[in-house]
Amino acid sequence: TQIASSAVINSDYFTNQEIGYVNPNLLYEFTYDNSHKLKEIILSADNEQQVVSYNYDIAGEVRISSAEGQEYETTVRGILNSNGTVKTIKWQGGYSDGQTTSNLAYNAEGYLSDYDDNNYPYYEGCNAYRYQWNGGNLAAVTHKNCTTQVYVDYLGLEYSDKLNDKTNLDLNVLCFDICSKFIDGEPRMYEYPSMFFALSGNTGKRSKNYLLKVNGNLQTPEYPNPDPLKPYTEATAPAIGSVLATYYDRVFDGNAVWQFDGQDFPTKFSRTVKVTKTQVILDSYERENATPHDDYQREEWIQRYGEGPWFFIINRQYHENNTVKNDIYTWAISYNK
């Protein structure tokens, strides 16, 4: 079983020097043990591999491990209920060794209802997630952090008429959560272990139908302030009409497209990302003389901004230009039936 991703990139998002290199052409391969349980996810890109391993040797546990580019391996332990669903997630190794425990609960129908993250080291806090279901499909996810502020994470979920009952892996989780969340880089198992337990079928029943749409933006880098207060010289002053800053907003647009074979197995999955590029264009500004406070600051300005005289730019006027392009991501799915 494997999934090969590719992309038609029409925007210039990935060529921006502040974003860094991203390869949208990834290969996910899945191996299984003698009991047909998921054993490995092998992610290949640029002749390099990342492996996420599943281990079922300890009774009442599923362990997922990945080096994840860290100095040593991270293992996430899923402590199971009697029916094989994960009730507790514990971290072992990596940055969060022994610091994090997450608890899961399920409703009477066997669907995930609660996911509580306690003392998560990356965010120095806690998050309580609540899952709402309707007609056998996930309808909404809300979460509350330590400040009791409530967020709605998943909005506008829409489903196809096709039943999600053909494949051993939940392709809704794989395509919408793992593949889509990490279209800009490698999956980070240690940050999102619940996705990987859901993929192996250990977090309760899956949604009945194939998912078509989840509203939400993708993460984009933060860019510098287009109007910084700093000294300029004649050589460094911005020209009228120059671009002060460039921002990108990316959002999944429209419904995903599933293609199926004659036996209703999905063979291809595509999503469109609408990329809105905003450029801040300088129209005019005024100058105000700038003088260092002392010799130390003078030397610092010379090193950072060049020889004076210096001036500040004030009353800067600018406008924004927006352009929209669509990037299309496709995952081709093949099976060992």
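The values are calculated or read from the model by the stated rules, or taken from the named source; none is laboratory data. All figures in this text were calculated on a predicted structure; none of them were measured in a lab. As a convention, Cβ positions derive from the backbone with ideal geometry for all residues, glycine included, and neighbour counts pool all protein chains shown. Surface accessibility is based on the protein's heavy atoms, side chains included, excluding ligands, DNA and RNA. Shrake-Rupley method; radii C 1.70, N 1.55, O 1.52, S 1.80 Å.
So the values come out like this:
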quantity	calculated
Of residues in the stretch 241-264 being open to solvent by 70 Å² or more (accessible area, probe 1.4 Å) and without any contact (Cβ under 8 Å) to a residue 12 or more places away in the chain, the one nearest to Glu300 (Cα to Cα)	Gln259
Qualifying residue in the stretch 298-313 (condition: modelled with pLDDT under 95, of a type in the set (A, V, I, L, M, F, W, C), open to solvent by 60 Å² or more (accessible area, probe 1.4 Å) and over 24 Å from the mean Cα position of the chain (by Cα))	no
Yes/no for Pro238 being more than 30 Å from Leu174 (Cα to Cα), open to solvent by 40 Å² or more (accessible area, probe 1.4 Å) and touching a residue at least 40 places away in the same chain (Cβ under 8 Å)	no
